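S.K.: There's a structure below that I have some questions on.
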Amino acid sequence: MISTPEIWAEFFERYYKEELNRLAYKIKTGGDGRSLYVNVVRDLLIFQEGKLAEELLEKPDLVYDHAVKGLMSTSNIYGIALEGCRPRFYSLPTAKKVLVRNLRAEHIGKFVAIEGIVRKVTEVRPRIVEAAFGCTNCGSINMVPQEESQLRMPFECSKCSSKKFVFLPENSVSVDSQRVKIQEYPENLRGGEQPQSIDVVLEGDLTGIINPGDRVIVNGIVRAKPRTVQKKLVHMDLYIDGNSIEILRQEYEEFEITEEDKQKILKIVKDGDIYQKIIRSIAPSIYGHEDVKLAIALQLFGGIPKKLPDGTEIRGDIHVLLVGDPGVAKSQLLRYIHKIAPRSVYTTGKGTTTAGLTATAVRDEVDGRWTLEAGALVLADKGIALVDEIDKMRKEDHSALHEALEQQTISIAKAGINAILRARCALLGAANPKYGRFDRFTPLAEQIDLTPTLLSRFDLIFLMTDDPEESRDRAIAKHILDAHQLGEMLERKRNITLEYSEEMLKAKSKKIEPAIDPELLRKYIAYAKKTVFPVLTEEAKRAIEEYYVSLRSKVKENSPVPITARQLESIIRLSEASARMRLSDRVELEDVERVITLMERCLAQIAVDPETGQFDIDYAFSGTSKKQRDRIMIVKRIVEELESKTDFGAPEEDVLNECEAEGIDREKAKEAIRKLKQFGELYSPRPGFYKVISKI
C-alpha cells in the first residue's frame, strides 16, 4: 500500500491549496461546513498513477482514516489546524457506479456510487459517537466509544470498579445524523420489476441538504448489518455509509445525447412537418384524436418556467385533462406517454391516497422517528405525472392537488414536521363521466367529481366522446382489426412458423409504426427541454393580446366572461411549447395561431353555453352559466318577496307564476329552485313551499 497520512497531505497541498485556505478561514470565522470536496476522476486518478484512488475504492476504511489524518496535517495561510474536517470524494469512475439492485456481498466494505430518487428522509438528530458516564460512587467520568444503535455502557468504573453509572449527554461527543432512503429511477425499470431501495446514513454537514423527490448520486462505503427479528439473523441488510452527495439539478441529465442523436434530431426538424410526425408518434395504435395527441405533445415539451426579479415564480408545465366515454383509449394514451416521456410516474386515482399522490410523514421502522416520504407528484418533479381515474380520488385528496398544480409545491405539516417539497411536474389526468357516458347538454362540472377550482387549473380539457358515425366507425374497426391481425402474425412467426415474409409484415406494420422511434423521441424531448428556451416575438405578443382582448371586448353589461387571465397564461405556455417542439428560439405567429385553434376547439367542447351559444368560462368550470346565475338570483328574489304570504313560506305555484311573468320558463325556474336548494340557499318547510335561508 502506498496510502499514508503524508501521501494524502502531499495530494491535498498540491491539488487543493485554495480549498484548504478557504476551509481554514471558515474555522477561523466560525462558518458552517468542515468538508473538503475531492474530484476523484479529475484529480485523484491522476495522482500517483491512480494507485491512491484504487486503494481508496478497494480499502476505504483504512485509506479514509489516512486521508483524514493527512488533511489535519496540511498547512494553510492562517496557520490553523484542520481538526474535525472531512474529505468528501465525488465524481467516481463509471465502473464504481452501481445500481441498487446490483449490490452484492462483494461490494461490502467497498467505496461505490449509487444513483436514484430520495424516497424519504428522517429528521436530523444527534448521534452519540463517544458516550460520557458519571460514576455514582466516585464521580469520575468514563468515556465509551459507540458503534451500535443501542447505547453501550462501561463494564465498570476505571477508578473505583463500581458498576453504577449515570449517562451525561452534555459531556458526550455527538454528531448530526440522518437516514435517507434512495430508490431506483422508475424509468429504468423493466416489465413487472419493483423499484428497489437502500438506506443511506448521512452525518455532519451532509445532513439536512436533500429532500424527498431529489435526484442524487450518493458516494460512500457499503455496509452490512444482520437482520433482527427479536434475534440477529444470518441474512444481512445492506446500507450505505454516506461520504458525499451530488444533487442532480438538471432535469434530463441522465439522458446521454450523442452527437449522432443530435444530428438525427436536427434532421427530423429539417425534413419539415414536425408536428404531424410527433402526433403520429404518440400512440399510433390508437386511431384519431389528433387534437388530444397535439395537446399531449405540447405538454411533453412544456413551456418555460420563469422566476421574476421580485421572486415570483410562474410555472411552465402544462396540465391536460381527458374526460371521456368508456372505451375511447384514455388509459392506453396515458400508458403510452408513460413509456415515451423522459421522466414520468403513473398512478390511478382509485388506489391513491393524498400521501401516495403528494407526500406524507411516516414513522420510521428502525428508530421510530418521523420521516418524510415522497408521493407520485414529488417523484415526478421536472417530469410528467399520469393520473388515471383522477375523478375516483377521495374528496379530501383533491385539496392536495390545488397547491401542486398551480404553485408546484407540496406543503406538509404533520407530526411536528413542517416542510415544502417541490412538485414541478405536468399533470395528465383521465376521468370518466359520473353516469357512464358523457351528456353534451349537461355542464362538464356536473358530470365529473372534480371541484370547479381544480378544473380551472387545467390548461386544456378534452372530451373524448364515442359518437356513432358510419365512415369513422368503419375506419376505427379497420384500424383495430389490422393491429390485431398484425399482432397475431408476429406471434405466430415468433412461436411456430416463418410463413409470413419480412416484407409483408413490414408493409402491415407501416400503419401503426410511430413516425419517430420512441427512444429517439424521448431524446428529442430531453434535448429540446435542455437546450431550447424560446422568447415571444413582438408579432406573437400582439396576436395573443388581440385574441384575448377581442374575446373579452364582446362582454357587454351582464353578459358572460368568455376567458380569463388563466387561459391567457395557458396560451403563452402552449405557444412556448409549440416553438420548442420545432427547436426554435422564437415564439412566432404560427405558434400562437396553432395554439389558439387548439384552445378554441377545447373551449367549444366545454365552455359554450347551450342557451346562448357564447363562450362562458364559468359554465365550463362551475356548471352554471351567466344566464343561469341571473335566473337563479331572480328566483331567489321572488321567493324572498313571497315567503311571508303563508306560515310555510312561498307556495311553489305562486313562485312559478311570478317567474313566468318575468319571462322565465317554468322548467328553467324549477331547475333554478333545485340549484338554490343544492347550494343551501333555499329550504322547504313542507312540500310545495320554499323559504330563503337567512345568513346570521
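The numbers here are math on the coordinates, done by the rules we state, and not lab data. Computed from a predicted structure; not experimentally measured. Don't worry about glycine lacking a Cβ; one is built from the backbone with ideal geometry, like all the others, and counts go over all protein chains shown.
S.K.: Using a Debye calculation, one point per C-alpha and no hydration shell, please list log10 I(q)/I(0) for segment 75-155 at q = 0.14 Å⁻¹ in order.
M.R.: Results for segment 75-155 at q = 0.14 Å⁻¹ read -0.91.
S.K.: Taking the simple approach of a point 7 Å from Cα along Cα-to-Cβ for both residue 307 and residue 28, what is their distance in nm?
M.R.: So the label points at residue 307 and residue 28 sit 3.2 nm apart.
S.K.: Taking the Cα centre of the chain as origin, work out the dipole magnitude from +1 charges on Lys and Arg Cβ and -1 charges on Asp and Glu Cβ, in debye rounded to 20.
M.R.: Rounded to the nearest 20 debye, it is 1340 debye.
S.K.: If you check each cysteine of the chain for another cysteine whose beta-carbon is under 4.7 Å away, which ones come up empty?
M.R.: 85, 425, 602, 659, each lacking another Cys Cβ under 4.7 Å.
S.K.: With both partners inside the chain, how many of the DSSP beta bridges are antiparallel, as a percent to the nearest 5?
M.R.: 70 percent
S.K.: Expected output is a single nm value to one decimal: the length gained when fully extending between residue 269 and residue 161, i.e. 0.36 nm times separation in residues minus the C-alpha distance. What is it?
M.R.: 30.6 nm
S.K.: Now for a different question. Output wanted: per-residue J couplings in Hz (rounded whole) for segment 581-586, from phi through Karplus 6.51 cos²θ - 1.76 cosθ + 1.60, θ = phi - 60°, x for Gly and Pro.
M.R.: 4, 9, 6, 9, 7, 10
S.K.: For residue 464, list long-range residues whose amide hydrogen, built 1.01 Å from N in the peptide plane, is under 5 Å from its own amide hydrogen.
M.R.: 323, 324, 325
S.K.: Restricting to DSSP loop positions (anything but H, G, I, E, B) with no more than 12 other Cβ atoms inside 10 Å of their own Cβ, which GluC sites (Glu not before Pro) remain in segment 129-188?
M.R.: Listed in order of number, the matching sites are 147, 148.
S.K.: What ranking, highest mean first, results for peptides 386-395, 5-14 when packing means the other Cβ atoms within 10 Å averaged over each residue?
M.R.: Answer by packing, highest mean first, reads 386-395, 5-14.
S.K.: Evaluate the distance, in nm, between pseudo-label points positioned 7 Å from the Cα of residue 78 and of residue 6 along their respective Cα→Cβ axes.
M.R.: 2.8 nm
S.K.: So, one more: Where does each of 16-24, 258-266 land if you order them by average Cβ count within 10 Å, highest first?
M.R.: 16-24, 258-266
S.K.: Here's a follow-up. Tell me which GluC sites (Glu not before Pro) from segment 59-117 have a DSSP coil assignment and no more than 12 other beta carbons within 10 Å of their own.
M.R.: In loop regions of segment 59-117 (DSSP not H, G, I, E or B), the sparsely surrounded GluC sites (Glu not before Pro) are 83.
S.K.: Additional query: Computed from the mean reciprocal separation of all distinct C-alpha pairs, what Kirkwood hydrodynamic radius does segment 5-91 have, in Å?
M.R.: 13.0 Å
S.K.: Tell me which of 44, 64, 75 sits at the most positive position along the dipole axis of segment 38-78, charges placed on C-beta atoms (Lys, Arg +1; Asp, Glu -1).
M.R.: It is 75.
S.K.: Please order 481, 463 by the number of other Cβ within 10 Å, starting at the fewest.
M.R.: Fewest-to-most Cβ neighbours within 10 Å comes out as 481, 463.
S.K.: For Cα pairs less than 8 Å apart in space and 6+ apart in sequence, what is the mean separation divided by the residue count of segment 9-53, i.e. the relative contact order in percent?
M.R.: 25 percent
S.K.: What spacing in nm lies between the two simple spin-label points modelled at residue 125 and residue 645, each 7 Å away from Cα in the Cβ direction?
M.R.: Once both label points are built, they end up 7.0 nm from each other.
S.K.: So, one more: Once fully extended, how much extra length lies between residue 665 and residue 234, figured as 0.36 nm per residue of separation less the alpha-carbon to alpha-carbon distance?
M.R.: Between residue 665 and residue 234, full extension yields an extra 147.1 nm.
S.K.: Under the Karplus relation 6.51 cos²θ - 1.76 cosθ + 1.60, θ = phi - 60°, what is the ordered set of whole-Hz ³J(HN,Hα) values for segment 143-160, x standing for Gly and Pro?
M.R.: Ordered by residue, 3J(HN,Hα) equals 9, 10, x, 10, 10, 7, 6, 8, 5, 9, 9, x, 5, 7, 5, 5, 9, 10 Hz.
S.K.: Moving on to the next point. Looking at the calculated P(r) for the chain, what percent of the C-alpha pair distances fall above 50 Å?
M.R.: Of the Cα pairs, 32 percent sit more than 50 Å apart.
S.K.: Now for a separate question. Tally Lys and Arg at +1 and Asp and Glu at -1 over the other residues with C-beta under 9 Å from the C-beta of residue 316: what net charge comes out?
M.R.: That sum, taken over residues with Cβ under 9 Å, equals +2.
S.K.: Remind me, relative contact order of the chain in percent, using alpha carbon pairs under 8 angstrom and six or more residues apart?
M.R.: Across the chain, relative contact order equals 10 percent.
S.K.: Another question about this same structure. Mind pulling the angle between the C-alpha long axis of helix 652-661 and the longest principal axis of the chain? Nearest 10 degrees, somewhere in 0 to 90.
M.R.: That works out to roughly 70 degrees.
S.K.: On to the next question. Please identify which residues in segment 148-189 have an amide N closer than 16 Å to a label point set 7 Å out from the Cα of residue 140, following the Cα→Cβ vector.
M.R.: 154-166
S.K.: Going by average Cβ density within 10 Å per residue, which order do the peptides 268-274, 63-69 take, highest to lowest?
M.R.: Packing proxy ranking, top to bottom: 63-69, 268-274.
S.K.: Sticking with this one: On a full-extension model of 0.36 nm per residue, what is the gain between residue 657 and residue 43, subtracting their alpha-carbon distance, rounded to one decimal in nm?
M.R.: Net length gain for the segment: 212.0 nm.
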